[in-house]
Amino acid sequence: MPSQVKEKNDKGSSAEETPTFPPSGHLKKQAHIPDMGTYRQMYNRSIHKPEEFWMEVASEFYWKTSPSGKVLDYNFDIRKGKIFVEFMKGATTNVCYNVLDRNIMEKNLGDKTAFYWEGNAPDNSSAITYWDLLKQVCKFANVLKKLGMVKKGDRVAIYLPMIPELYAMLAFAGFSSESLCERILDYGVFRGEKLINLKQIQMKLCKSVRKVCAFTVYINMEMHPVANCIVVKHLQGKLNNQNEGTLQTAWNCEVDSWLDELMMDASEECGPVWLDAEDPLFILYTSGSTGKPKGVLHTVAGYLIFTALTFKCVFDYHEDDVYWSTADIGWITGHSYITYGPLANGATSVLFEGIPTYPHVARFWEIIQKYKVTKFYTAPTAIRLLMKYGNEVVQKFDLTSLKILGTVGEPINSEAWLWYYNVIGNQQCPIVDTFWQTETGGHVVTPLPAATPLKPGSASFPFFGVLPAVLNEHGEELEGEAEGYLVFKQPWPSIMRSLYGNHERYENTYFSKFPGYYVAGDGCKRDKDGYIWITGRIDDMLNVSGHLLSTAEVEAALTEHLAVAEAAVVSRPHQVKGECIYCFVILKDGKKFTEQIGEELKKLVREKIGPIATPDFIQNAPGLPKTRSGKIMRRVLRQIARNERELGDISTLADPSIVEVLFSQRCEAA
Ligand code: 6R9
């Protein structure tokens, strides 16, 4: 693969032409990692002396007992036996104790705001301090204890929207039941103007899961034949007659109970349960943009320490920050960088229930102004969406509180990067383009805001403890400028430990293609300065006349056109070329698709990448099929391009109705 790709790159790719932006000067004075020298020195230590490096990080946290043996033990080589990673095994601790009690007791942060909660409707908001949060977590833990529902090792599912009752998550973490958060829902919730009956969805779900004890806050599987379902009153007093109907759901007296009634007389004190560093913390199902969802298992100590350190360094966290990640808690980004990382640092965060376009398209900018947000973290998909509405809507708001901007989830095209940098950051805020996965637990390739000179679209360099390599099809490591498979050569503390209930699938999926390496499943390019550019999922690559092209580079070329807001490309069989390129483009607000725009786009891609990449089909799309975390599901687009109706599992799509629309407008002939 890489040699063929290289050939094409020699004709010039847009990535290498992009200018470099120096790291933020005014952050340097008090930054945790102020320059590349410090980064390199710390990085080298983290790679060569990982045990020493991570024990130093761990020393900031509370441990009931120390590791009993090696701090880090692992096997990454399938030929030598079972794959495993153990970090600080034998040490005991409690995650909830570390993120709440420790901050209150040792750091005196009890009265500090943990979360500003901003509801779907702008007039609905509240704030919760570290003390409040701990009290709620303890009360809820006591409710569970009293009901006799949860004990160590139980698996629990949380179905909640983005509301403060998510403290339930920490109550389980305190018990260390593994929370099975495939999706988080509740009784009823507004997403923009749409009212969704979550209780009903959850009931349907329960029927399909064997012997489930239902709930809004949790499901305890296998252990008890009788269901317990605790329901949050969230929209009380906010519904009219018409809406009430939507939320009509059968109430099952035997299993259902109201959370507020249970919480009323629960005690505010609850001692932590001490757990082993390698006990499970949670299972999270991957976004499922390809294939069957995998239950990624994370454990206590490594995950805590890595999310804490990445949050501190990548967002250069300081105590007066107001941090906001727009992610859903049900996505790994919400787990690592709304819940665990920020709380472990004693940070103040915004928790937002709504969507970027309700009640108006400047809602994000309004919230940044309202809470004086300093560090803002969102997905390229949101940036591209909001870009469509132009700069004027942004300029009505005071965004001068911002210091650092972040992105996650997909490669960011340079158009979107530059808009984010110029219009949102007013050229004052470095952008941290953080590459990572549910499987990696935290950021693995990312800029550091006061140290790394930025290249738009590049996730830049590995974080501490992370040792990447670029492999060709034969599994050979490529040096210098190269393109190929992104792999990692040794574990960092928060790498997943297994796929729940299927260790063999874990070994097959991540460790068997190239023995000795963790294979991320993404392609990447390393440029002459050593910067890493993620080029998209290997499975999505396009093979045109034997030349492999990445989705990211073709999409980046298309979005350079002034009329294009977003693009997605897939392959379609072609008699001569094997595969040809089929593009879906979303135009900016007010632009109209014409034949001429289609021709301009073909020309643009040809010029940017080379004749081989010239698209055969361009479909004007009103929207794209995306997962709830905002990733384009190219698998579905491929089927639309090929007119194949067997779609497989599309249950993780945010808006499945777009699929039919795209089918009905597909291009038959070039
Ligand atoms: C955190 C998260 C993981 C996949 C990953 C890659 C893509 C994430 C990216 C990125 C380019 C970035 N991805 N961050 N691609 N640049 N900064 O997204 O986890 O939902 O498991 O997805 O997302 O393809 O392999 P997850």
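The values are calculated or read from the model by the stated rules, or taken from the named source; none is laboratory data. Computed from a prediction, not measured in an experiment: that's the story for all the values here. Virtual Cβ from ideal backbone geometry, glycine too; neighbours counted across all protein chains shown. Protein only, heavy atoms only, side chains kept; ligands, DNA and RNA dropped before computing areas. Shrake-Rupley method; radii C 1.70, N 1.55, O 1.52, S 1.80 Å.
Shown here for region 50-145: trypsin sites (Lys or Arg not before Pro) in loop regions (DSSP other than H, G, I, E, B) with at most 14 other Cβ atoms within 10 Å, namely Lys64, Lys70, Lys82, Lys107. Classify region 323-394 from the C-alpha gyration tensor, please: rounded if a/c falls under 1.5, else prolate or oblate depending on whether a/b exceeds b/c. Note, shape of region 323-394 comes out prolate. Here the scattering of region 568-658 is modelled by Debye summation over its C-alpha atoms, one equal scatterer each and no solvent; at q = 0.22, 0.26 Å⁻¹ the log10 of I(q)/I(0) is -1.17, -1.34.
Rounded to the nearest 10 square angstrom, Tyr531 shows an accessible area of 10 square angstrom against a 1.4 Å probe. Using Cα pairs closer than 8 Å and at least 6 residues apart in sequence, work out the relative contact order for region 606-663, in percent. Answer for region 606-663 is 34 percent.
What accessible area per residue comes out for region 556-670, rounded to a whole number of Å², with a 1.4 Å probe? Don't jump to the answer; show the numbers that get you there.
Details: 5170 Å² over 115 residues.
Normalised by residue count, the accessible surface of region 556-670 is 45 Å².
When restricted to Cα atoms, region 465-551 yields an Rg and a Dmax of 13.7, 42 Å, respectively. Considering all different alpha carbon pairs of region 394-434, the Kirkwood hydrodynamic radius works out to 10.6 Å.
When Rg and the Kirkwood Rh are both derived from Cα coordinates, the Rg/Rh ratio for region 357-420 amounts to 0.93.
Computed with every protein chain present, the accessible area of Ser414 is close to 20 Å² [probe 1.4 Å]. Ligands, DNA and RNA aside, Met55 has an accessible area near 70 Å² when probed at 1.4 Å.
Which value does Rg/Rh take for region 560-617 over its C-alpha atoms, Rh per Kirkwood?
0.98
Hey, any idea what the orientation-averaged projected area of the convex hull of region 442-589's Cα atoms comes to, in nm²? It would help to have the intermediate numbers written out before the result.
Numbers: hull surface 47.6 nm².
Averaged projected area of region 442-589's Cα convex hull equals 11.9 nm².
Region 424-462 and region 515-584 have Cα centres separated by 20 Å.
For region 516-670, what does the convex hull of the Cα positions come to per residue, in cubic angstrom? Walk me through the numbers on the way to the answer.
Working: hull volume 23.7 nm³, N = 155.
Dividing the Cα hull volume of region 516-670 by its residue count gives 153 Å³.
Compute the whole-percent fraction of alpha carbon pairs in region 252-377 spaced more than 21 Å apart.
Numbers: 4601 of 7875 pairs.
Tail of P(r) above 21 Å: 58 percent of Cα pairs.
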